[in-house]
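Reading through the structure tokens given below for one structure.
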Amino acid sequence: MNTEYPACAKIAEAIAAFPIEAAQNGSLVECIPYGNGHINDTFLLRCETTDKIEKKFILQRMNHTIFKNPPQLMENIVHVTQYLRTMILSQGGNPDRETLNVLQTRDGADFFWDSSQNYWRVFPFIERSVCLEKVESEKDFYDSAVTFGNFQKQLADFPVEILHETIPNFHNTASRFADFQKALLEGDKTRAALAQEEIAFALDRKEDTFVLTSLLAEGTLPLRVTHNDTKLNNILFDADTRKALCIIDLDTVMPGLSLYDFGDSIRFGANTGAEDETDLTKVGLDLSLFEAFTKGYLEGCAGSLTEKEIELLPMGAKLMTYECGIRFLADFLTGDHYFKIHREHHNLDRARTQFRLVADMEAKWDKMAAIVKKFKNP
Ligand code: ADP
Ligand code: GN1
Ligand code: MG
């Protein structure tokens, strides 16, 4: 093995725990940090068999500060991926490419707990796939929408009671607002001074934060199994056909609202700017992309959404964007302990884009509603 390991304690110990080299009857040739996730530490392992065939794996150190109970989280992922495998097989698909698959350790466990209490897992790399950081065509975005809608449909009869809540109140916007208020009180005052405009924007919209939670509590919106982190880089596309192929990042699959999945995809994918764009004139809602996603998502859900859910799709988009904004802002105020940052004030930049996008959605509200209506009554 000629690998130089990245500066991540215990990585060699973790690699040795999985049957990576033995299974491939060859050697590990590379181990590099990979992807743009904000939460886990992800590495690409590249192996070569003795007859020079390349085989890749994704190794991840789970963030156990954020996910308090990694064994329960892995239990969720194993249950969900096994269920998806059966569904995909029954639909004539290829479960090795259309869902994540957990590679067991040499001891037959679903994760490895190292001597410094880090939790590690491995997924076979989905070969000939592409991960997009931004929408490159309307068709890609439409395709991702069909696949997220279909994911929802595939899990419609999944026994929801066996799922653990990996992060309690994850998309409870009212509870996120309370966290934001706490961050305002306890956070850094110099940082708060830099973010006065954003703080005011967030406080002005307090009433919105209860809309979905109230409808859920009174039974107007149904609780479903949802992904809860449906940004575009959490779906892989087939490099050959360019079809949306596999939904990844299943850490937050939990009971939730369809509006969370719809909304988070719009927040990230239908933004004309990047999530951390500093030139706010580039940030806004692309209505054509909003339309493409709405069409695709409703097709993927194939009639399973209620009229009320469909009517509230614009609210899902706005609230998921607002909520992400207050999460970024709270993290900025309290010292950037949650989301990984790569530059000074990165979380403030991210919060600003989210609020600019919310403002643009508010300005385009009637148009968003008209698009949804068009697909509700085709
Ligand atoms: P995070 O929770 O930090 O966002 P992800 O699980 O989304 O981590 O993984 C980070 C990146 O790694 C993804 O955006 C994707 O590019 C890549 N990735 C993850 N799993 C696979 C896989 N099985 N095959 C190919 N690429 C993957
Ligand atoms: C995080 O793990 P990643 O990068 O896919 C976060 C999401 C946010 C997103 C913002 C567990 O997602 O909730 O919407 O960043 N995941 C968690 O980009 O908090
Ligand atoms: Mg991710």
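The values are calculated or read from the model by the stated rules, or taken from the named source; none is laboratory data. Because the structure is a prediction, the values reported are computed rather than measured. Cβ placement follows ideal geometry from the backbone for every residue including glycine, while neighbour counts extend to all protein chains displayed. Just so you know, the surface numbers come from the protein's heavy atoms only, side chains and all, with ligands and any DNA or RNA stripped out. Shrake-Rupley method; radii C 1.70, N 1.55, O 1.52, S 1.80 Å.
For region 177-195, the criterion of a residue being in contact (Cβ under 8 Å) with a residue 12 or more places away in the chain, within 16 Å of ligand 2 (Cβ to nearest atom) and open to solvent by 30 Å² or more (accessible area, probe 1.4 Å) is satisfied by at least one position.
Residue-level analysis places G325 outside the set of residues that are within 18 Å of K367 (Cβ to Cβ) and among the small types (G, A, S).
Restricting region 216-241 to residues that are within 16 Å of ligand 3 (Cβ to nearest atom) and of a type outside the set (A, V, I, L, M, F, W, C), the residue that is farthest from the chain's Cα centre (by Cα) is T226. Applying a threshold of 6 Å to beta carbon distances and a minimum spacing of six or more residues, or different chains, the list of pairs starting in region 302-324 at a residue that is within 14 Å of ligand 2 (Cβ to nearest atom) and ending at one that is aromatic (F, W, Y) and assigned to a helix (DSSP H, G or I) reads G316/F262. The single residue among L212, L250, L232 that is modelled with pLDDT of 95 or more and more than 13 Å from ligand 2 (Cβ to nearest atom) turns out to be L212. In the set R46, R106, only one residue is within 15 Å of ligand 1 (Cβ to nearest atom) and open to solvent by 30 Å² or more (accessible area, probe 1.4 Å); that residue is R46. Taking region 341-363 as the range and being at positive phi and assigned to a helix (DSSP H, G or I) as the test, no residue passes.
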